[in-house]
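Visitor: My structure is below; once you've seen it, I'll send some questions.
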Amino acid sequence: MADKRTMTLNLTDQEMNLLEDLSARKDVSKTALLRQALRLYQMVEARLSRGEKLFFEDDEKKKARIHIIDNATGRPIEAEIFDEVTIEHFIETQQTWRPIVLRASRQLAARGSHQLIPQHYHWDWTTKAPELAVLANAFYGIRYDGQLQGLMKLETVGQFCSCRLPEQAGKALVYVDYVEVAPWNLKLLTNALGERPRYNAIGSRLIEAAVLKSKEEECKGRVGLHSLPVTESFYLNACGMTPVGRDPAKQNLLWLEYTPEQAETFLTGAR
């Protein structure tokens with residue numbers, strides 16, 4: 001965590017009432033709400049400076065030790081999860097991940113299994129480089145044996161950072177924008193290449209990091225995401241998220257989210 005500094009903020013009664021009202025509606029503290037406002041302002045300024053138009057519609061970096069599973073032995077092994085993601089990590093995915101994804105996709109196509117080709121085969125993390133400097137975003141990576149095993153992008157402010165479940169509709173959440181596991185850890189891809197997945201629990205550790213980030217942002221563990229069809233069963237069964245419905249504004253992908261109680265249950269099981 002980065003060092004925090006204290007400041008005195010002088011507000012009018014009207015401004016303070018608005019701050020308290022928004023804080024209550026979003027179910028976050030006034031401090032967390034002001035942090036989100038600052039990040040939103042930075043995001044808007046960055047986009048406007050690039051000539052984009054705005055439309056409205058109806059800390060110090062951390063590293064931590066985690067456990068993943070070595071599929072060769074079935075035993076847990078210690079890996080590193082970090083949030084000091086850089087453009088070099090994005091380049092690494094293009095150099096080491098993408099060729100394998102494409103090779104496996106070609107094998108699936110050659111067998112006529114076009115429906116099994118992963119929808120993320122074309123992803124290019126390097127296009128996300130400008131977003132590394134945006135305070136509203138957080139990136140996480142998992143490394144083991146000198147290789148990047150998984151990567152995730154979160155948003156703490158933005159279009160999808162509000163809950164949709166009726167019991168918590170409108171409250172703030174952390175949105176999982178992108179998450180990808182190295183292709184040598186995905187059974188679908190390794191099977192296409194006649195190999196076995198090397199490591200397991202990479203995706204679970206990344207979702208765990210998203211929940212912890214939600215708690216850090218005072219969103220109480222609330223997390224939301226749009227799932228690709230191939231990963232729906234993972235989020236439903238392994239993560240225990242609640243399906244809310246398909247989103248026509250997002251390629252009809254399934255929207256899922258956590259309540260604070262579900263997030264805590266997931267963390268307890270993950271540990």
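The values are calculated or read from the model by the stated rules, or taken from the named source; none is laboratory data. Keep in mind it's a predicted model, so treat the numbers as computed, not measured. Counting neighbours? That spans all protein chains shown, and the Cβs are built from the backbone with ideal geometry, glycine included.
Visitor: Does A32 meet the test of being in contact with an Asp or Glu (Cβ under 6 Å, 6 or more places away or on another chain), within 21 Å of R222 (Cβ to Cβ) and in a helix (DSSP H, G or I)?
Guide: Yes: the conditions hold for A32.
Visitor: Taking the residues in the range 214-271 that are assigned to a loop (DSSP other than H, G, I, E, B) and acidic (D, E) as candidates, determine which candidate is surrounded by the most Cβ atoms within 10 Å (Cβ to Cβ).
Guide: Once the filter is applied, the top-ranked residue is E217.
Visitor: Suppose we filter I142, I69, I81 for residues that are out of contact with any helix residue (DSSP H, G or I) (no Cβ under 8 Å at 6 or more places or on another chain), modelled with pLDDT of 95 or more and either in a strand (DSSP E or B) or of a type in the set (K, R) (or both); which single one remains?
Guide: So the residue among I142, I69, I81 that is out of contact with any helix residue (DSSP H, G or I) (no Cβ under 8 Å at 6 or more places or on another chain), modelled with pLDDT of 95 or more and either in a strand (DSSP E or B) or of a type in the set (K, R) (or both) is I69.
Visitor: Right, here's the next one. Go through the range 101-120 residue by residue and tally those that are in a helix (DSSP H, G or I) and buried (at least 18 other Cβ atoms within 10 Å of the Cβ).
Guide: The total comes to 4.
Visitor: So which of V134, V101, V174 ends up being at pLDDT 95 or above, of a type outside the set (D, E) and under 29 Å from Y258 (Cβ atoms)?
Guide: Within the list V134, V101, V174, the selection yields V174.
Visitor: Same structure again: Is there a residue being in contact with a Lys or Arg (Cβ under 8 Å, 6 or more places away or on another chain), under 20 Å from F160 (Cα atoms) and at pLDDT below 85 anywhere in the range 9-23?
Guide: No.
Visitor: When you scan the range 147-161, how many residues do you find that are surrounded by fewer than 17 Cβ atoms within 10 Å (Cβ to Cβ) and at pLDDT 95 or above?
Guide: Adding up the residues that qualify gives 1.
For (1) more than 22 Å from N71 (Cβ to Cβ); (2) of a type in the set (S, T, N, Q); (3) out of contact with any strand residue (DSSP E or B) (no Cβ under 6 Å at 6 or more places or on another chain), each residue gets a yes or a no:
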{"position": "V176", "(1), (2), (3)": "yes, no, no"}
{"position": "P183", "(1), (2), (3)": "no, no, yes"}
{"position": "L186", "(1), (2), (3)": "no, no, yes"}
{"position": "L193", "(1), (2), (3)": "no, no, yes"}
{"position": "R196", "(1), (2), (3)": "no, no, yes"}
{"position": "Y199", "(1), (2), (3)": "no, no, no"}
{"position": "L212", "(1), (2), (3)": "yes, no, yes"}
{"position": "R222", "(1), (2), (3)": "yes, no, yes"}
{"position": "A238", "(1), (2), (3)": "no, no, yes"}
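Visitor: Only residues that are surrounded by fewer than 19 Cβ atoms within 10 Å (Cβ to Cβ) and either more than 30 Å from D21 (Cβ to Cβ) or in contact with a Pro (Cβ under 6 Å, 6 or more places away or on another chain) (or both): list them for the range 162-183, please.
Guide: If the condition is that a residue be surrounded by fewer than 19 Cβ atoms within 10 Å (Cβ to Cβ) and either more than 30 Å from D21 (Cβ to Cβ) or in contact with a Pro (Cβ under 6 Å, 6 or more places away or on another chain) (or both), then Y178 is the only one that fits.
Visitor: What is the one condition in (1) closer than 19 Å to V134 by Cα; (2) at pLDDT 90 or above that Y41 does not satisfy?
Guide: Of the numbered conditions (1) closer than 19 Å to V134 by Cα; (2) at pLDDT 90 or above, the odd one out for Y41 is (2).
Visitor: Pairs please, first residue from the range 55-79 and surrounded by fewer than 10 Cβ atoms within 10 Å (Cβ to Cβ), second anywhere and assigned to a strand (DSSP E or B) and at pLDDT 95 or above, Cβ atoms under 7 Å, 6+ apart in sequence or on different chains.
Guide: R65/E78; R65/E80; E78/H67
Visitor: Look through the range 186-213, keep the residues that are of a type in the set (V, I, T) and either touching a helix residue (DSSP H, G or I) at 6+ places or on another chain (Cβ under 7 Å) or part of a loop (DSSP other than H, G, I, E, B) (or both), and return whichever of them is modelled with the lowest pLDDT.
Guide: T190
Visitor: Condition check: surrounded by 21 or more Cβ atoms within 10 Å (Cβ to Cβ) and touching a helix residue (DSSP H, G or I) at 6+ places or on another chain (Cβ under 6 Å). Does V134 satisfy that?
Guide: no
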